[in-house]
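J.: The structure follows.
The values are calculated or read from the model by the stated rules, or taken from the named source; none is laboratory data. In this text, all values refer to a predicted model and were calculated from it rather than measured experimentally. Reconstructed Cβ throughout: ideal geometry from the backbone, glycine too, with neighbour counts over all protein chains shown. Side chains included, ligands, DNA and RNA excluded: accessible areas come from the protein's heavy atoms. Shrake-Rupley method; radii C 1.70, N 1.55, O 1.52, S 1.80 Å.
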Amino acid sequence: MTQESSPARSSPARYYLTTPIYYVNARPHLGHAYSTIVCDAIARRKRALGIDTWFLTGTDEHGQKIERSAQAAGCTPQEFATKISAEFRGLWDQLGLTYDDFIRTTEDRHKRGVQHLFATLRDKGFIYKGYYTGQYCVSDEAYVDGSPGTFCPDCGRLTETVSEENYFFKLSAFERKLLEFYEANPSFMGPESTRREVISFVRSGLKDLSVSRTSFSWGIPVPGDEKHVVYVWLDALANYITALGYGSDDPIDQERFKKFWPADMHLIGKEISRFHCVYWPAFLMAAGIEPPRSVKANGWLLFDQGKMSKSRGNIVRAETVQAVLGADALRYFLLREIPFGQDGSFSFDALVQRYNGDLANGYGNLVSRVVNMVHKYFGGVVPEAGAEASQERGLRGLAEGLVGPFGQAFDELDFSEALKLMWVVVAAIDGYLTANAPWKKPADRSDEDHAALQARVLATAAEAIRIITALVYPILPDAAAKVWLQLGQGDIGAAARGAFLTHLAWGRLKPGTQLGEPAPLFPRAEKDAVQRMQNLEDENNRTVIEAASEQGEAGGSDPTAPASALSIEPSPAAASPSVVSVQPGSTGTAPKRPGEHGDHNLTQATAAPVDSAKQVESIPVAPIGSELASGRLSTTPAAAPEGTPLHPAETPPPSQLAAQQPSASPQVTIDDFVKVDLRVAQILVAERVPKADKLLRLEVDLGYEKRQILAGIAQYYEPEKLVGRKIVIVANLAPRKMRGLESNGMLLAASLPDGAPVLAGFLEEVPLGARLK
Ligand code: MSP
C-alpha cells in the first residue's frame with residue numbers, strides 16, 4: 001500500500017469537505033441538519049467556482065450506545081443502524097443536499113480501512129496492550145477521568161465504570177508534535193474559542209488513549225485479536241479517509257484518496273473538537289498520513305434555551321419547516337440568523353419573521369415586481385437599457401462591489417455577514433425601483449421618455465438581480481433556480497457546473513432575452529404558519545409516543561415497520577415540550593451541562609492504562625424477574641423522611657393490602673397527569689451511601705441515557721439484589737442534592753401500611769425508556 005504518504009495536492013482546484021457522521025441512535029433533527037446544510041452551501045459555492053469538490057457525509061453506527069439502543073428497540077444493531085441511517089440519507093435527499101458520498105461505518109470499505117489503519121498504527125509501534133479501569137460515558141463514547149459516580153463533563157450524564165483489557169494508543173508521544181502543528185498552522189482550528197480550548201487541553205498533558213473495547217462486540221474487530229473491537233471514535237474518525245478509498249487496493253480508490261486527501265475542512269459541532277483536533281491528527285501523524293487542513297466547529301442550535309437534542313425532548317425536525325415554508329427558508333434562517341461558531345436559538349416565531357421580512361417581502365417580492373413589469377411593459381423580453389445615468393452606475397457599482405466581500409465573508413464561514421451585505425443590495429434595488437416608479441407615468445413625461453425610463457430601470461434592476469441570485473444560489477438553491485429560469489437564463493445547475501461564479505461581470509443579461517413565466521418564490525407566511533409547524537411537531541411526537549407504547553405492550557419492535565412508526569428511540573421525543581410541559585434542562589438528566597450555557601470546555605479525559613493490581617470488578621448487568629405489588633403506588637422520596645418506620649423484609653401478603661382504603665386525593669386532569677414523565681429503567685449499580693443508613697445510590701439505565709438516583713430504601717432492599725431489576729421512575733423531576741450527591745428522579749413504589757416501599761415492576765418484558773401513560 002502506498003497511501004501513507006500523501007503527496008502535495010496536484011491541483012489546487014479541488015476541495016474536500018466533510019460533516020460529522022451522525023450517530024444512528026437518534027432520528028435526524030434540525031441540529032444534525034444544520035452542519036449538513038452548512039456543508040451543502042459550501043460545496044455548492046465551491047463547485048460553482050469551478051473547484052473539483054467532494055462533499056462527504058454519513059452515519060456512525062458502531063459502539064455501545066448503538067448496541068444498547070438496538071437492544072431496547074428489540075432488533076439487531078445492524079437492522080437498527082440500517083433503518084436510522086436510511087432516515088438520515090432520506091432526509092438529506094428530501095432537503096436536496098448535494099453530498100457526493102454517504103458512508104456508513106458498517107460498510108466493508110470502511111471496516112477494511114479501519115483495520116488497515118489499526119494495523120499500521122500497531123506496526124509502527126504506537127499501539128500496545130494494557131488494562132483500563134475507569135469511567136466511560138456511553139452517550140459520548142468517551143473516557144472520563146474520575147471515580148465511580150462521576151458525571152460526564154461534556155454531556156452531564158452519569159458515567160459507567162469500565163474495567164477491561166484494551167489496546168492503547170501512545171497519544172502522550174504527540175503532545176509536542178501537536179502543539180508544533182497548531183503553531184505552524186494557525187488556521188487549522190476555528191473558531192478562536194475552540195483553538196484556545198484545544199491548545200490548553202493539549203498543554204495540560206496528554207495521556208495514552210484506549211483504542212479498543214472488550215466488554216461488548218458491536219464494532220470492528222481488531223485485526224489479529226478479534227475479542228477486541230476498535231474504539232468507536234477511532235473507527236468513526238477514520239471515515240474521512242476510508243470513504244475516499246484508504247486501505248483499498250483498487251487503483252480507482254487509491255487515486256481518489258490521493259486526489260482529495262488531506263481534507264480541506266472537517267465541519268463539526270463544538271463538543272467534538274477534542275476528537276477532531278487532538279486524537280485525529282495524532283492518529284494520522286502516527287500512521288504517516290497528512291492531517292486535515294482545517295477543522296471548524298459550529299455552535300449549537302438551541303430550542304427553548306436548551307441544546308436541541310433527543311434526550312432533552314426539545315427537538316424540531318427539518319421536515320416540519322420544509323413542509324410549511326420550504327427548504328430554502330430553513331437554509332436561509334440557519335445561515336442568516338446564527339453567526340457561525342456561536343450557539344443560536346431556534347424558534348418558529350423568529351423563523352417566520354425572517355421568512356416574511358427578508359424572503360417574502362424582500363428578495364421574493366423584488367424579483368416578482370421586476371419580472372412582472374418586464375412581462376407587462378415589454379412582452380417578457382429584456383429591453384435595451386440605453387445610456388447609464390448616475391443612479392444606474394450606483395446600482396451597478398453596488399452589485400459588482402458585492403461579489404468580492406460576499407465571497408470573502410462566505411469563505412470565512414461568516415454566512416450571516418455575507419447575507420447582510422447582500423440584503424443591502426436587495427434594499428438598494430428596491431429603493432431604485434421605488435425612486436423611478438416605472439409603473440407610473442407623470443403627466444409631463446412623453447411616452448418615449450417614459451418607455452426609455454422603463455427600459456433602463458427594468459433592465460438595470462434585472463441585471464442586478466441576476467448577479468445577486470448567482471451569489472445567493474448556494475444558500476437558496478431552489479429559489480435561485482426559479483429566478484434563473486424567470487430571468488431566461490435556463491438551468492442554474494448547468495450554469496453552476498459551468499463555474500458561473502467565476503464570470504459574474506455586469507452586462508450578461510442581454511437585451512432581447514426572453515424571460516420565463518413569473519412564479520411565486522416565497523409566498524407570504526400567514527399568521528397560522530407557526531401553529532402549523534407546532535402541530536406537525538405535536539403530531540410527530542404523538543406518533544412516536546403511540547408507537548412506543550404499542551411496542552412496549554408487544555414487548556418488541558418490528559424492524560421492518562416504517563421508521564416513522566417505530567419506537568427505536570424508546571421515546572425520549574415523547575417528552576417534547578409540546579406534549580408535556582417539561583422544561584428542557586429540568587428533566588433531571590444531569591447536574592451540569594457545561595455546553596448548554598455556551599461555556600463548553602475541553603476536559604482531560606483520555607483513557608490511560610492502569611496497573612492490573614488496581615483492577616475493579618466490572619458491573620454485572622443481568623435482567624431479573626420483576627414483580628407487581630398491589631397497594632397504593634407512590635414515588636419513593638429521594639431520601640426517606642425522618643421517622644419513616646422501617647421494617648426490612650416484613651412485607652404483609654398482598655391479600656391483606658388489597659383491602660386498604662385509598663385516602664382521598666385531589667383530582668388532576670389528564671393534562672396534569674401527562675406532565676409526569678414515568679419511564680421504565682433498569683438498575684445497573686446499587687450501593688449504600690456512607691453515613692446515610694436509609695439511602696441507596698442507584699445508577700439506572702433509561703435506554704437513552706443513564707442517571708444517578710438516591711432512594712431512601714436502604715432498609716428495605718439489599719443493594720446487590722436490586723442490580724438488573726427493571727423499575728419505574730419519575731424521569732422529569734428537578735434534580736436534588738443530598739449528602740453532596742445529585743439525585744435525578746424518583747422510584748415508583750407501592751407504599752405498604754407500615755410505610756415500607758415495594759418497587760413497581762412489570763410481568764412482561766418492557767424496553768428501557770418506555771413511557772407509562
Ligand atoms: N458520531 C459522532 C461524530 C463522529 S465524527 C467522526 C457524533 N454524532 S452526533 O450525532 O451526536 O452529532 C453529530 C453532529 O451533530 C455533531 O457535530 C453535533 O454537534 C451536531 N449536533 C447535534 N445536535 C446539535 C444541535 N442541537 N445543534 C447543532 N449541532 C448539533 O457526535
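J.: Hey, what did the stretch 184-320 get for relative contact order, percent, Cα under 8 Å, at least 6 apart?
T.: Taking the mean separation of contacting Cα pairs over the length of the stretch 184-320, I get 23 percent.
J.: Taking 7 Å along the Cα-to-C-beta vector as the label spot, tell me the Lys527-Glu539 distance in nanometres, rounded to one decimal.
T.: For Lys527 paired with Glu539, the spin-label model returns 2.2 nm.
J.: For the stretch 277-425, what are Rg and Dmax over the alpha carbons, in angstrom?
T.: Expressed in Å, the Cα Rg and Dmax of the stretch 277-425 come to 21.4, 69.
J.: Moving on to the next point. On the accessible surface of the stretch 376-449, probed at 1.4 Å, how many percent belong to carbon and sulfur atoms?
T.: Taking all protein chains in place, the stretch 376-449 shows 53 percent carbon and sulfur surface.
J.: Mind running the shape call on the stretch 3-154? Use the C-alpha gyration tensor, a ≥ b ≥ c as the square roots of the eigenvalues: rounded below 1.5 for a/c, prolate if a/b tops b/c, oblate otherwise.
T.: The shape class here is oblate.
J.: Per the Debye formula with a single identical scatterer at each Cα and no solvent contribution, what log10 I(q)/I(0) holds for the stretch 19-94 at q = 0.13, 0.17, 0.21 Å⁻¹?
T.: Log10 I(q)/I(0), no solvent term: -0.45, -0.67, -0.88.
J.: For Lys721, give me every one of the aspartates and glutamates with a C-alpha distance below 20 angstrom, ignoring sequence neighbours fewer than eight places off in its own chain.
T.: Glu160, Glu617, Glu627, Glu650, Glu687, Asp693, Glu699, Asp701, Glu764, Glu765
J.: What percentage of the solvent-accessible surface of the stretch 175-233, computed with a 1.4 Å probe over protein heavy atoms, is contributed by carbon and sulfur atoms?
T.: Looking at the stretch 175-233 in its full context, I get 49 percent from C and S.
J.: Ignoring ligands, DNA and RNA, what percent of the accessible area of the stretch 236-366 is carbon or sulfur (1.4 Å)?
T.: 44 percent
J.: Students often get this wrong, so check it: of Lys124/Lys227; Lys170/Lys737; Lys420/Lys527; Lys207/Lys307; Lys207/Lys270, which have C-alpha atoms separated by over 32 Å?
T.: Lys170/Lys737
J.: OK, next. Work the Kirkwood hydrodynamic radius out for the stretch 201-357: mean of 1/r over every pair of different alpha-carbon atoms, inverted, in Å. Intermediate values should be presented prior to the final figure.
T.: On the way: mean 1/r = 0.0530 Å⁻¹.
After inverting the mean inverse Cα-Cα distance, the result is 18.9 Å.
J.: Tell me the per residue accessible area of the stretch 48-176 using a 1.4 Å probe; a whole number in Å² is fine.
T.: Counting only protein heavy atoms, the per-residue value for the stretch 48-176 is 32 Å².
J.: Turning to a different aspect of this structure: Stokes-Einstein D for the stretch 694-741 at 20 °C, 1.002 mPa s, Kirkwood Rh over Cα pairs, in µm²/s?
T.: 181 µm²/s
J.: What lysines does Lys510 reach when the alpha-carbon gap must be under 26 Å and sequence neighbours fewer than 8 apart in one chain are set aside?
T.: Within reach: Lys376, Lys440, Lys441, Lys482.
J.: Mind running the shape call on the stretch 157-264? Use the C-alpha gyration tensor, a ≥ b ≥ c as the square roots of the eigenvalues: rounded below 1.5 for a/c, prolate if a/b tops b/c, oblate otherwise.
T.: Because a/c hits 1.5 or more and a/b fails to exceed b/c, the stretch 157-264 counts as oblate.
J.: Given labels modelled 7 Å from the Cα in the Cβ direction, how far is it in nm from Asp93 to Glu412?
T.: So the two model labels end up 4.0 nm from each other.
J.: While we're on this one: With no solvent and one point on each alpha carbon, what is the Debye value of log10 I(q)/I(0) for the stretch 398-521 at q = 0.10, 0.11, 0.18 Å⁻¹?
T.: So the normalised log intensities work out to -0.35, -0.42, -1.01.
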